[in-house]
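What follows is a short report on a single structure.
Every number here is computed from the coordinates shown, using simple stated rules; none is lab data. Everything numeric in this text was worked out from a predicted model, so none of it was measured. Cβ: placed from backbone, ideal geometry, glycine included. Neighbour counts: every protein chain shown.
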Amino acid sequence: MALRAEAKAGNKGAEARWRYYIIGLMDGIQAVQAPAAAAGTKLHFCMSDTLPMSPKFLDAFIEEAIGRLSAKGVLKSRIDQPMAVLVALELRNAFPCQ
């Protein structure tokens, strides 16, 4: 969260590190989903094919999730979780599988 805040504040080094983090997070999410999808087992979340997983999408999704959690008053209790866990939980909430 701190790195994201620095990146959004215009720190060029933080922007680069945040972009690499987002790409790694995106790759990790896809790596977890791919074997389940190939095996036909339950996925963690089910996004529409019209919403491609990309760094830009994931960054915007994180921004929206932070706003949503803040509005619910639960951001402070979840701030200590790793960003990957927070994002995975929010993806599952936003894109539940049927």
Partners for LYS76 among lysines (Cα-Cα distance below 26 Å; same-chain residues under 8 apart left out): LYS8, LYS56
Two-site FRET efficiency, TYR20 against SER77, from Cβ-Cβ distance with R₀ of 25 Å, rounded to 0.05: 0.35
For the range 1-62: rounded, prolate or oblate by the Cα gyration tensor [a/c cutoff 1.5]: prolate
Difference of contour (0.36 nm per residue) and Cα-Cα distance, ASN93 to THR50: 13.7 nm
ALA9 paired with VAL85, simple spin-label distance in nm, labels 7 Å along Cα-to-beta-carbon: 2.6
Local net charge near ARG78, Cβ-Cβ under 12 Å (Lys/Arg +1, Asp/Glu -1): +1
Nearest-20 debye value, the chain charge dipole, Cβ charges on Lys, Arg, Asp, Glu: 200
Residues listed by number, the range 59-98, amide nitrogen under 12 Å from ALA36 label point at 7 Å toward C-beta: 88-93, 95-98
